[in-house]
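Have a look at the structure below, then the notes.
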Amino acid sequence: MTAQEKIQKSQKSLVKSDSFPDLPAYSALWHSLQIEPIQGSGEKLTIAIAVKGNDGAVNIYNTASKKLFNCLCGDAEIANKLFSMVQLSISSAENHLNNRISLDDWISPIANISIGRSVDALGENIEDIFFQSLNLTSILGASSLVSKNRNKKEIDLRAWKQDVKKRVLMKSPSVASCFDFGVTLPGGMVDTKVGFLVHDYAADFGILRDSNKTRNYLRQLHILQGRLWQLDQLRSSNKNNPILNVNNVELLIKSEKNKDNSIEDLVGELQYEAKRRDIPVFVKNNQQTARHLNKVLANFSAH
């Protein structure tokens, strides 16, 4: 074995193939459809994204709603005409894409509607590739969809916290003000809320959703690591504070039923980070979480 071969073998032994996620298996070609509301102005607005997958699937997503045109135009009649033009072009593009590989040779029936260049992409499915293209082309469409998804997640977390709060207050009605307690982290620069704070104890809440998708997996991990950081900062900055003398912090998580081991893996990574910060992490359902907090309150009462 030559010296070069030894070096290559050594390098391969240091790199495990499972350290790198596999590339997504689904591929697709996408285009953006754009309208120039005032011909000759050069200003364009993405009105739709057309995606054709390697399996032949075709989908065209409308990124500009009728409400958006009403806001942009300020005149309902003009907005309705523009929206009709958009719908006609989208139907034409979809029909073309069902019979061709791409929209490169498509001719729009409306003069001021054109297409962007074709882009090859990899993703988990056709919807995943749509979101990739949306973030690269349509700030207005992306903003509304991201806001919708974010609100949905907030409602899920809020509903769980509200249910836990209701269960706790049935036994300890005097601690209503201890939920969503407003605090300021070091330097007075970060105002936030902690899920539950009483005496020297603080707990925050998080939700885990079943997913073996790398992107969602990392997003959940980063969100929960952020909660650990906030709890750590709260404990460090307020342990000598006569008003907020926080010494004990915990992260309480509600988990969906998972079909694979993705949640166990995520909890394992999270608990590793939590151990470094000396913060306990518990995975509990609504009833168990309420029981846990009532036990904390009972311990304070006993002293």
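Every number in this text was worked out from the coordinates using simple rules, so none of it is lab data. All values reported here derive from a predicted model rather than from experimental measurement. No Cβ is skipped: glycine too gets one built from the backbone with ideal geometry, and neighbour counts run over all protein chains shown.
Peptides 69-80, 123-134, 30-41 ranked from most to least packed give 123-134, 30-41, 69-80, packing being the mean of other C-beta atoms within 10 angstrom over each peptide's residues. Taking only C-alpha pairs under 8 Å that are 6+ residues apart, what is the relative contact order of region 26-137 in percent? About 37 percent, as a whole number. Between Lys171 and Ser236, the FRET efficiency from the beta-carbon distance, with R0 = 35 Å, is close to 0.65.
Each of Met170, Met85 was scored by other Cβ atoms within 10 Å of its Cβ. Listed from fewest to most, they are Met170, Met85. Expressed in nm to one decimal, what extension gain is obtained for the pair Arg158 and Lys193 from 0.36 nm per residue of sequence separation less their Cα-Cα distance? Extra length from Arg158 to Lys193 when fully extended: 11.3 nm.
Once both labels are positioned 7 Å from their Cα atoms along Cα-to-Cβ, the gap between Phe300 and Asp75 label points is 6.3 nm.
For region 26-137, the equivalent ellipsoid derived from the alpha-carbon gyration tensor has semi-axes of 25, 14, 12 Å in decreasing order. Projecting the Cα positions of Val119, Pro37, Ile90 onto the charge dipole of region 26-137 (unit charges on Cβ atoms of Lys, Arg, Asp and Glu, taken about the Cα centre) puts Pro37 furthest along the positive direction. Arranged from fewest to most other beta-carbon atoms within 10 Å of their beta carbon, Leu157, Leu97 become Leu157, Leu97. For the residue pairs Lys52/Lys81; Lys161/Lys193; Lys166/Lys193; Lys171/Lys295; Lys171/Lys284, the alpha carbons lie more than 22 Å apart in Lys52/Lys81. Taking 0.36 nm per residue of separation and subtracting the Cα-Cα distance, full extension of the segment from Leu136 to Glu43 would add 31.8 nm.
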